[in-house]
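Bear in mind that the values in this text are calculations on the coordinates, not laboratory data. Note that this is a predicted model, so its numbers are computed, not measured. Glycine also receives a Cβ, built like all others from the backbone with ideal geometry; neighbour counts cover every protein chain displayed.
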Amino acid sequence: MANDAEMMLEVEIFDGSGNFTDWSEQVILALRQKGVLDYVESDMRAGTAEEPDKKKFSVADSKADGLAVAIILRCLSKSHRKRFIRSTAFEVWTELHKLYGVPNTEDLVSNILELFSFRMDPDDKEGRASAVQYSNLLEKIDFSTFSSSAMANLMYLASLNRHHDLVRLEFAKKKPN
């Protein structure tokens, strides 16, 4: 009979450039298969409100969390693994979702609208403050994570004039492509 390592589902290596949603779904299946999905879904070390530092991992929890971390790290590129060596499964999963997860659509539409309506401050004669402000707006939006059709839809929504706020909010509630 094959050992546990050989029986793990085949999951592609994520290097930050692929489809994070598809990859994370594959990892969730692998974690569920090994019975350690709970360790990425909640912080198992969190204590109570009265004694936040009181609860610690049991030996069994520590081993299970270590297995969950190992599964996730095995599915990441080497360059991504280094930053998570001393993290719990919950910390790794939370950070990966912050870095690569799908942003809130309403926030995204708002950021794109703000970008498209950006105007240089008339008091900023040399344009330095405006350039920094524009750069900060660009950093809020990771354009590389969207397909061309999703990007076109978001640009359309952001370009609607302000009288169409209700339409914009209606579309924003739907999941992007």
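Observations on the model:
- Close amide H contacts of Phe14 (hydrogens built in the peptide plane, cut-off under 5 Å, sequence separation of 5 or more or a different chain): Leu76, Ser77.
- Relative packing of 66-77, 115-126, which averages over residues the other C-beta atoms within 10 Å, highest first: 66-77, 115-126
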